[in-house]
Amino acid sequence: MKNTDRIPAVQSLSFPRWELPEVNEGQIVQAEKTRRDIARGEAPSIDKNLVVYSKLTVGQIEEISQRIKQDVQQQAYQEGLQQGLDKGYRAGLQKGQKQIQQHLERLQSITAQLNDALQAQDNELEQVLVDLATGVAESILQRELSLDASHIQRVIHDAIAAIDAQAQKVDIYLNPQDYKFVTDMGQVEPQWQLHADASVSAGGCRVSNQYSVADYSTEQQFQQTVRQLVDSRYAELASDQAALLTKPADDQSGPGA
């Protein structure tokens, strides 16, 4: 008997050929689970991830993995770069602040040295000006005394009073010009013994007795006058400075009292 259900081999060539699909272990497990669910009359659960995964080739999966790896590496690089920049910025800022502080301290030291040098220079200049003014004044005084010797009588009396020898015999040494002036005027006391001495400047004298000596030379009188002026000026400056130092305390206690 001839089987009519059989397809001749010639006709089978027109049908597409079916090949076994490539599956992996996960797909086999999932397929078996789906078969059991259908056999029990349950709706099969389909994992979307597995469906998508089953449609990807090995090359596509490797490409996706490579991209994910590159993205992770790039993100890690950016984070590391930012951390490095932040760390470097903080380190650079600290180093810069330290260098600025060092330069500032050096500048303050140089400024203090300059101030000290300027103060010393001011003091020296002040002394030079004092010496200059003293020298000029002394020269003027010497010139005036050489032109007018009328004050010599007062100088002699002051010198005698200094050694308390008004009624005693005294030796008086005068500049030759002053000696001539006194003798010509005839105002010589009996107890005076006059002597012409070129070492004595005009306008001054040196008086002595058996007990003491009084140097009333022009140089000595001038230096004494200068010392008195300087001492007086320093006393005024010290008083002004003390007033400035005590002024803040007075101001603070004044309004709140």
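Just so you know, all these numbers are worked out from the coordinates, no wet-lab data involved. This is a predicted model, so every value here is computed, not measured. Here the Cβ positions follow ideal geometry from the backbone for every residue, glycine too, while neighbour counts run over all protein chains shown.
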| field | Phi to ³J(HN,Hα) by Karplus 6.51 cos²θ - 1.76 cosθ + 1.60 over the stretch 96-105, Hz, x for Gly, Pro | value | x, 4, 5, 5, 4, 5, 5, 5, 5, 5
| task | Add +1 for every Lys or Arg and -1 for every Asp or Glu among the other residues with Cβ under 14 Å from the Cβ of residue 92, and state the total. | result | +3
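Once the convex hull of the alpha carbons of the stretch 149-232 is built, what does its volume come to per residue, in cubic angstrom?
On the way: hull volume 7.6 nm³, N = 84.
In the stretch 149-232, the Cα hull volume divided by residue count equals 90 Å³.
Fewest to most neighbouring Cβ within 10 Å: what's the order for 173, 77? Could you put the intermediate results ahead of the total?
Values: 173 23, 77 10.
In order of increasing Cβ crowding within 10 Å: 77, 173.
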| Per-residue Cβ neighbour rank within 10 angstrom, fewest leading, 183, 111 | 111, 183
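Taking the beta-carbon count within 10 Å as an exposure proxy, list 217, 208, 232 from fewest neighbours to most. Provide the component values of the computation, followed by the final result.
Values: 217 20, 208 17, 232 10.
With the sparsest Cβ surroundings first, the list reads 232, 208, 217.
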